[in-house]
Amino acid sequence: MQEITGLMVKRAKELLEAGEVQRVIGWTTGDFCYDVTPAVFTKAEDLEEGKFVYNSFCGSNLSKYLIQTLRNDINAVNTAKAMAARKGENPDDIPGPGKTLVFLKPCDTYSFNQLLTEHRIDKSLVYVIGVACRGMADIEKIKLMGASGITKVIDAGDKLEVKTIYGDKSFDKKDVLLEKCACCKGKEHKYADEVIDPEPLPEGEGKGPMDRMAGVTMLEEMTAEERYAFWNDQLSRCIKCYACRNACPACTCMKCVFDNPRSGVDSKANVTEFEEKMYHIIRAFHVAGRCTDCGECSRVCPQGIPLHLLNRKFIKDINEFYGDYQAGEAEGQRAPLVNFDAENDVEPSIVNEKGGN
Amino acid sequence: MQRIGVFVCWCGSNIAATVDVDRVVEAVKTDPNVVHAENYQYMCSEAGQKLIRDAITEHQLTGIVVCSCSPRMHEQTFRKTAEAAGLNQYMVEIANIREQCSWIHKDKDEGTEKAIILARAAIAKVCLNAPLQPGQSKVVKRALIIGGGIAGIQSAIDIADAGYKVDIVERTPTIGGKMAQLDKTFPTLDCASCIVTPKMVECAQHPNITIYAYSEVEEVKGFVGNFNVKIRKKARYVDETKCTGCAVCTEKCPSRKGRNEFNCGLDTRGAVYIPFAQAIPNVATIDATNCLHFKTGKCGICAKNCSANAIDFEQKDEIFEEQYGAIVVATGYQISDVTKFDEYQYTKHPDVVTSLELERLMNAAGPSKGVLVKPSDGKHPHDIVFIQCVGSRDISGRGKCYCSKICCMYTAKHAMLIREKYPDVNVHVFYIDVRTPGKNFDEFYRRAVEQYNVDYIKGMVGKVYENEKGGLTVQAVDLISNERVMLDTDMVVLAAAIEPSDGVKHIASMLTASIDTNNFLTEAHPKLRPVESPTAGVFLSGVCQGPKDIPETVSQAGAAAVKVVGLLAKDYLVTNPCTAHTDETMCNGCSSCERVCPYGAISYIDKEVMDKGVREVRRIAQVNGALCQGCGACTVACPSGAMDLKGFSNKQIMAEVDAICK
Amino acid sequence: MQVNENSKEFKPLIVAFCCNWCSYAGADLAGTSRLSYPADVKIIRVPCSCRVNPMFILKAFEKGADGVIMCGCHPGDCHYTTGNYYARRRMTLLFSMLDYLGVDKERVRVEWVSAAEGQRFAMVMNDFAKKITELGENVKLGDIRCKK
């Protein structure tokens, strides 16, 4: 990790200094080493190690952050042009927004492609550096496994060395992976202008150890009563903080229906249980066929609700009913819900026929 | 706050018998938006409409709800009423308390309760209605007729005579259809050819009619007033502009294995052929599957003998595009498959024929030159049995559930003609019922029985089999005497059911015209709009809509033509304003809507948008109101709800849901 | 849900979304032919089955519906050519999700009814209403809905 971070910083600095890119979207660390958040860097000197980080807690998917960053930059340029015009200067003298460098892990590139498909970002304004990823850690799991008062976490190959105020601990990385990393789709970048991967894995290797659909299958095999109890239990914990929506790279609406008083489904924190469920069903439905299964929703949920199980149900159904489909596999795909097969599509009654419990 | 008026119609006793209209009025008055409510015997009557107009003025209504019959019936009526009183016509909602309430429920309490709920739903919706202004779209003054049988021919001539351009697309090499194959027509017994061929010629010579024979409709896009149609002109391998129809090639052609479709396959024809002497256009066609040139690369005798140099083996299918304002479907019928009824030996014995085959056997231009002979040995038959309803009125699932309507009459005609020409031939007819309503029809049938002594036997035939003499034995039960009947006969004629032509399903789906379970095209209203399809700009002519005889077909063809003329006479059409539209501040530019739009009505532009004080350029969906037909597919594809449908907005539908589920 | 005061017999509340061109016309034909089906069924007219947003269906359940049925033209016969194909996919996925959440899957249904199928319309509604009556009050969705 140390090595790759160095390479990333070096490359970002080069591109910034050469004027190839105007800003860099990466990760920075907060008060705790595991408290990593996305950040925009505009100066080479800000890219010092320590400020710019790439460690086992860089789970967040930066592709979504491109939308707002690019919008802000374009708006700033347009405002400057308008000001110039008002002052009688030539607006064409105002430089354009330039490119934005973004670091994307393999799974993040699916989201990037999906955003390209949906015209949410302009790829001519982006420079993508694909960075190698060997799975990101879930701090909650580490804490659950007994580490508290964490001061530092050091990546050491397959291990994480955790320094705490009560002494040092060591964890096998595979035991503390984020859910999404345990079911990793693969280590191949689906889009990148260049890739930084000092020790590339052999082709096809690096997929997560867990079956992605195991959770969904398990639920499907339960009785309806059990499923109902399961989801009631899970979703009743929802506090409607909208973190899942805000982190989701498919949820990029200018105005979400749940914030829109004209939509008829808007709601605030104080809601009925039905509204909680409705929110999650509708959200999953809105991203059905567009969800790349990046797992951000579950990762960011402060209540630990396994939201990915909703999205994966749709993914599983889509694959079973309409053929295998991976959103974000490539730019320009036609999502299953804006598509049909007149002859072969199943009837909705299949839900009854499937003989679920 | 809206000022809504509610008008509850009794529809005589149609509604009032099952719905307590007074209670409905009282109940809706409690709605805070309702400022006026009343009931009346017939709201659609002039007096009823005046009531509405007066109330709109008196109470300054901003919207009205009429609780009456289906909106499919009188929505237009009440919209006009509102308009006349100065209220925008889209501020009208109908609560369907007849078809979907009073007519299906018997209990008055139940009916009344439901009527109140339906009224409340309509009130909830109308409160959210917005005044809409219909737009305009230009009308292309040209009509397309699909099918060149008597229905298509008549429609074409009538439209052309009114001064509009008409194109006929016919998939076979000639127009004329089934009527050209018939011998005589009932009940006048005039010769079918003698009356249809002049019409065919008239088509060919009419300055406003263009015939595309041996052509098929490939694709239909657009909408009423402006259809964009792709037509495939199939390769005839004969240059139509050069061929003189001299028919030398057809005589010289060494391949004689082609099934002669015109004679129902009773004889064969050359690979290059003209279906019949009076064919229009009178040009030859090469059937590539039988042509030796296409099979072996040799031959070419036709080309050598053609003095006009019209043979062109290199010819390719040609696809061209044309715009039309209206389309008439006149695809006609075909004889249904009788092989499913093989107890009648149709596939096994050549002397078991269908009525259409008999028609050819009796026709002077037919395979036997009009002399009635048995197909098996060419000998004169002495006894003929007709079996009615083969595949019609069938409840076994093998055939059609409907009555094919024409069989009783043509069988009487056949029987009569045979008895007239060959008095020595005994004719028996096995029937379920003899149905002869129509001008001079029953008289005609009675003549067959009384004057020509045709032996009508009520009863269905159980089976037909070949007897030891090589003839046929018909086994049946006479339902009147209740006796088993065993009849030795020489020929059996099956009155096979007629069904819509097999291409009609494809055509209907291209036109988005609906078809019923028997593949007949559905009319916009079974009684009041019998020649219009529910799809605007698509009209129905002939048997494609339902079984009918020639006079009925011709009158329907004329009616369809009048509808077309009425449409083409307009320069502009009023377009449906219930179209999709985008809220620019909410649109993400994601293209989901564009992908599901069947009309290509959605495009994207980069547009400056002012949102929350920020001015920025965004990729925004734009709906072309002239192309949008208002299906609403885009509104559900749009995750943000930026795309909404006027007249059926998200809020309106949810308000209805709320009102119903209260 | 409505409770009939006299008999306390369970009367389900059923919302039927019908497309204007086929199913709504089919319902009209059922009416014209005097083919009865329970008054519990309340029809909402939409231009096409593809206009039916899953939100409408959930909203109906939220407000107390015991069953929701969506009717459209038969696949291939859509007045707008392709609308019901999209509707078919949307509803298949939505229904599967409701089942996944443990909701009675019989409470939602899609039926294709043409304008000529008045008889079928009545049959479908009778059948659906019977099924919903058998299932009884929508307890599961009822538990999670606003009960006031």
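No lab work stands behind these numbers, since they all come straight from the coordinates. As the structure is a computational prediction, the values presented were derived from the model and not from experiment. Here Cβ is always computed from backbone atoms with ideal geometry, including for glycine, and neighbour counts include all displayed protein chains.
Structure notes:
- Over all pairs of different C-alpha atoms, the range B:240-297 has a mean inverse distance whose reciprocal, the Kirkwood radius, equals 11.6 Å.
- For the range B:417-496, the extents of the C-alpha atoms along the principal axes are 44, 29, 24 Å, listed from largest to smallest.
- In this structure the amide hydrogen of A:Gly130, modeled in the peptide plane, comes within under 5 Å of the amide hydrogens of A:Leu104, A:Asp193, A:Glu194, A:Val195, A:Ile196, none closer than 5 places in sequence on its chain.
- For the range B:52-86 and the range A:189-266, distance of Cα centres in Å: 50 Å
- Note: the range B:580-645, Cα convex hull, 70 Å³ per residue.
- Across the range B:618-631, computed HN-Hα scalar couplings (Karplus, 6.51 cos²θ - 1.76 cosθ + 1.60, θ = phi - 60°) run 10, 7, 10, 6, 10, 9, 7, x, 6, 8, 5, 9, x, 6 Hz from first to last residue, x flagging Gly and Pro.
- Debye-sum result for chain A in log10 I(q)/I(0), which assumes one identical scatterer on each alpha carbon, at q = 0.08, 0.11, 0.13 Å⁻¹: -0.45, -0.84, -1.14
- Summarised in one figure, the compactness ratio Rg/Rh of the range B:156-226, Cα atoms and Kirkwood Rh, is 1.05.
- Shielding value for B:103-116 is 4, the average number of Cβ atoms from other chains within 10 Å of each residue's Cβ.
- Helical segments meeting 24 Å axial Cα length and Kyte-Doolittle 0.0 threshold in chain B (DSSP H): B:108-126, B:550-568
- Placed amide H near B:Asp383: partners under 5 Å, 5+ positions off or other chain: B:Asn426, B:Asp490, B:Met491
- Exceeding the 18 Å Cα-Cα cut-off - candidates B:Lys199/B:Lys505; B:Lys340/B:Lys469; A:Lys277/C:Lys105; A:Lys143/A:Lys173; B:Lys257/B:Lys374: B:Lys199/B:Lys505; B:Lys340/B:Lys469; B:Lys257/B:Lys374
- Each 5 Å bin from zero holds the following percent of Cα-Cα pairs in the range B:553-662: 2, 11, 16, 15, 13, 12, 9, 8, 6, 4, 2, 1, 0, 0.
- A Cα-only calculation for chain C places Rg and Dmax at 15.0, 48 Å.
- Database remark: amide H of B:Gln334 closer than 5 angstrom to the amide H of B:Glu499, B:Ser501 (H placed geometrically; neighbours at sequence offset of 5 or more, or on other chains; Pro and chain starts carry no H).
- The protein assembly as shown pair-distance distribution - Cα-Cα, 10 Å bins, rounded %: 2, 8, 14, 17, 16, 15, 12, 9, 4, 2, 1, 0, 0
- Per residue of peptide C:21-34, the mean number of Cβ atoms on other chains within 10 Å of the residue Cβ is 5.
- Applying Stokes-Einstein at 10 °C and 1.306 mPa s to the Kirkwood radius of the range A:1-150, computed over alpha-carbon pairs, gives a translational diffusion coefficient of 94 µm² s⁻¹.
- The residue list A:Tyr54, A:Gly30, A:Thr42 was ranked by how far each Cα lies along the charge dipole of the range A:1-71 toward its positive end, using unit charges on Cβ atoms, and A:Thr42 comes out on top.
- Rg/Rh ratio calculated on Cα atoms of the range A:214-352 (Kirkwood radius): 0.96
- Straight-line reach from A:Lys354: taking Cα to Cα under 18 Å and skipping same-chain neighbours fewer than 8 places apart, the aspartates and glutamates in range are A:Glu220, A:Glu221, A:Glu225, A:Glu226, A:Asp317, A:Glu320, A:Asp345, C:Asp99, C:Asp104, C:Glu106, C:Glu111.
- Bridging of B:Lys298 to lysines at a Cα separation below 16 Å is possible for B:Lys252, once same-chain residues fewer than 8 apart are set aside.
- Annotation for the range B:587-638 versus the range B:188-245: alpha-carbon center distance of 42 Å.
- Seen from every direction in turn and averaged, the convex hull around the alpha carbons of chain B projects onto 37.6 nm².
- Volume per residue that the Cα convex hull of the range B:334-499 spans, once the total is divided by residue count, Å³: 118 Å³
- Residue-wise HN-Hα coupling along the range B:132-137, computed from phi with Karplus coefficients 6.51, -1.76, 1.60 (Hz; x: Gly, Pro): 10, 10, x, x, 10, 9
- Value at 222 nm in deg cm²/dmol, rounded to 500, when DSSP H runs of n ≥ 4 in chain B each add -39,500 (n - 2.57): -7500 deg cm²/dmol
- Centre-to-centre separation between the Cα atoms of the range B:513-577 and those of the range A:285-316: 51 Å.
- Of all aspartates and glutamates in the structure, the ones whose alpha carbon falls short of 19 Å from that of A:Lys43, not counting any fewer than 8 places away in one chain, are A:Glu14, A:Glu17, A:Glu20, A:Asp73.
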